[in-house]
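See structure below.
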Amino acid sequence: MKQTIPSIPKRKAIERGTVALLLLLYLLLQAPTLQNAPWEGYDTWRQGDTYSVAVNYTQYNMNPLRPQFNYDGSEDIFVQLELQIVPYLSALLFQLTGGPTPLVPRVLGLLCFLGSAAFLYGILRRFVHFLPALGGLLVYLLLPICLLYSRAIMPESCALLFYCGGVYFLLRWFQDDHRPSIYLSALFTALGIIEKTPVLFVGILVLAVFWWKLGKGCFKAKEFYGYGLLSLGLPLLYYTYASSVATISFVDGIATKHIFSREILGLFTREGLAFFWNELPLFFGWGVLLAGAAGFCLAIYKKAHFLTVWALAFALEWATIVVVIKFGYYLIFMAPPLAALCALLFQSLFAQRKALALACAALVVVWTAYTGLPRWHQLTQVNQDIQAVGDLIQFTTRKEAVLAVAWADPVYLNAANRHGYRVLLPEGGCPDPAASLQALRDQGVDYFLVIGPGIPQDDGRYLEYLNQHCPVAVETEHGLCTLYEMR
């Protein structure tokens, strides 16, 4: 019997339908966790802060360039942050859906991540065939770091959308000489940097592509300077403005405290190496790390310079930024090139022996899922104690009440949806509890919240003074928290 080969349009339709189905299944996988409050088993601080920005837009100020936190102040607390695209869109939707709910920013963030996956698939198809590209896409979706941060209330998924879009359009211009794509790439890259500054490292790939395509002529090309002006000028304008109006310079503070410091060479320390040794298997899994390393060697051998430089650019981000700041979620920008290197490995094996390639791809994908899904299930559980404290404070206090919390993490202020202060005692305790509490009263604090049986770093005097001079507004049965009145 003669075998019928589907026409090109039909094959493309089947391919697009397969990718769309895969992304839909991923959305359904994440769906049970999308209503979770921000205080889960990971990054409660970051998720709570981002969610509070969305809520505060609706409650205080809908200016997208003036995001507000709940802590370190009692009134307007404008923070120098990345452009809060998902929180602002969430605030707009809150007004249509009847009020704040974590479901909205989680869904928006997940849609951004799925958009990044679509762009990544477009990149993969320019290097490998359908099945290897599908394997690379599965790797990207199931990476432990992507399972967590694709649905986290944080800016990573939105940054991935613009970052992958910028790389896709850059590649399209490089291969097809499609001139509008270079300006789309510059715009997407600019938005990616504004959304998350480490995206800046993609500039190494951009410079390499211009050199490969135009050689020395790139220094005379208007596209070269236009790209630089757009991709760097917009972020510079945004961060300069954000710094000028902020009461808390968050981004500048991270840069000066962590990045531009003597710790920049942390990769060559025992602590730096230990960080990567511990974190990389948790966030990527050994299967992908090994397959990605093999794919990188293949990229060098096959002169796939685009993928090689892309991976090296974000290896540099790991070596200079991540090793210093030691936040695991900063590793995520290596996820797209790592998935691409895995796809290149699958393609090479596919060209030699299809059965071997399918077995290898299946092994890597299953190993990745086995690594990521249990951890994803564990960490996406809501902390019910934090939720209970937040509900209690909302029920007990008026919305305008100012809260002081004896806890470094602002999660309790965010769960309570109250402005206030974090009280951080020096080691050995506060020398003058009376003066400390009076200073809080002068700042307008109405209530003082103690979590658990005591106050961190307190030698006993601070809590004793509270019990003697501040009436208890509410105290939970099991010692979860105590709320004192300050007036």
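Overview of results
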item: Count of residues meeting criterion [outside any helix (DSSP H, G or I) and either in contact with a strand residue (DSSP E or B) (Cβ under 6 Å, 6 or more places away or on another chain) or modelled with pLDDT of 95 or more (or both)] in the stretch 145-179; result: 6
item: Filter result for the condition that a residue is open to solvent by 10 Å² or more (accessible area, probe 1.4 Å) and either among the charged types (D, E, K, R) or in a loop (DSSP other than H, G, I, E, B) (or both), over Tyr42, Tyr51; result: Tyr42
item: Matching entry among Tyr421, Tyr412 (being closer than 23 Å to Asn56 by Cα and part of a strand (DSSP E or B)); result: Tyr421
item: Qualifying residue in the stretch 373-391 (condition: closer than 21 Å to Ala311 by Cβ and touching a residue at least 24 places away in the same chain (Cβ under 8 Å)); result: no
item: From the options Ile182, Ile204, residue that is part of a helix (DSSP H, G or I), at pLDDT 95 or above, open to solvent by less than 10 Å² (accessible area, probe 1.4 Å) and not aromatic (Phe, Trp, Tyr); result: Ile182
item: Matching residues, the stretch 61-80, being modelled with pLDDT of 90 or more and out of contact with any Lys or Arg (no Cβ under 7 Å at 6 or more places or on another chain); result: Met62, Asn63, Pro64, Leu65, Arg66, Pro67, Gln68, Phe69
item: In the stretch 441-487, residue least open to solvent (accessible area, probe 1.4 Å) [restricted to those that are assigned to a helix (DSSP H, G or I) and among the basic types (Lys, Arg)]; result: Arg441
item: Flag for Phe188 being assigned to a helix (DSSP H, G or I) and either under 19 Å from Leu207 (Cβ atoms) or open to solvent by 10 Å² or more (accessible area, probe 1.4 Å) (or both); result: yes
item: Where a residue in the stretch 446-475 is within 22 Å of Ala408 (Cβ to Cβ) and in contact (Cβ under 8 Å) with a residue 12 or more places away in the chain and its partner, wherever it lies, is among the basic types (Lys, Arg) and exposed (fewer than 14 other Cβ atoms within 10 Å of the Cβ), with Cβ under 7 Å and at least six apart; result: Asp446/Arg487
item: Qualifying residue in the stretch 397-418 (condition: surrounded by 17 or more Cβ atoms within 10 Å (Cβ to Cβ), at pLDDT below 95 and more than 24 Å from Phe69 (Cα to Cα)); result: no
item: Some residue of the stretch 372-383 being in a helix (DSSP H, G or I), aromatic (Phe, Trp, Tyr) and surrounded by fewer than 12 Cβ atoms within 10 Å (Cβ to Cβ); result: no
item: Residue in the stretch 149-163 that is open to solvent by less than 30 Å² (accessible area, probe 1.4 Å) and on the phi > 0 side of the Ramachandran plot present; result: no
item: Residue check for Leu437: more than 29 Å from Ile153 (Cβ to Cβ) and either in contact with a Pro (Cβ under 9 Å, 6 or more places away or on another chain) or buried (at least 19 other Cβ atoms within 10 Å of the Cβ) (or both); result: yes
item: Filtered residues of the stretch 14-39 (kept if of a type in the set (S, T, N, Q) and not in a helix (DSSP H, G or I)); result: Gln35, Asn36
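To keep it simple, each residue is scored yes or no on (1) touching a residue at least 40 places away in the same chain (Cβ under 8 Å); (2) crowded, with 22+ Cβ neighbours inside 10 Å; (3) more than 25 Å from Tyr241 (Cβ to Cβ); (4) touching a helix residue (DSSP H, G or I) at 6+ places or on another chain (Cβ under 7 Å).
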{"position": "Ala31", "(1), (2), (3), (4)": "no, no, yes, no"}
{"position": "Asn61", "(1), (2), (3), (4)": "no, no, no, no"}
{"position": "Glu75", "(1), (2), (3), (4)": "yes, no, no, no"}
{"position": "Leu83", "(1), (2), (3), (4)": "yes, yes, no, yes"}
{"position": "Leu89", "(1), (2), (3), (4)": "no, no, no, yes"}
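The values are calculated or read from the model by the stated rules, or taken from the named source; none is laboratory data. Worth saying up front: this structure is predicted, and the values here are computed from it rather than measured. Neighbour counts run over all protein chains shown; Cβ positions are idealised from the backbone, glycine included. Please note that ligands, DNA and RNA were not included when accessible areas were found on the heavy atoms of the full protein model with its side chains. Shrake-Rupley method; radii C 1.70, N 1.55, O 1.52, S 1.80 Å.
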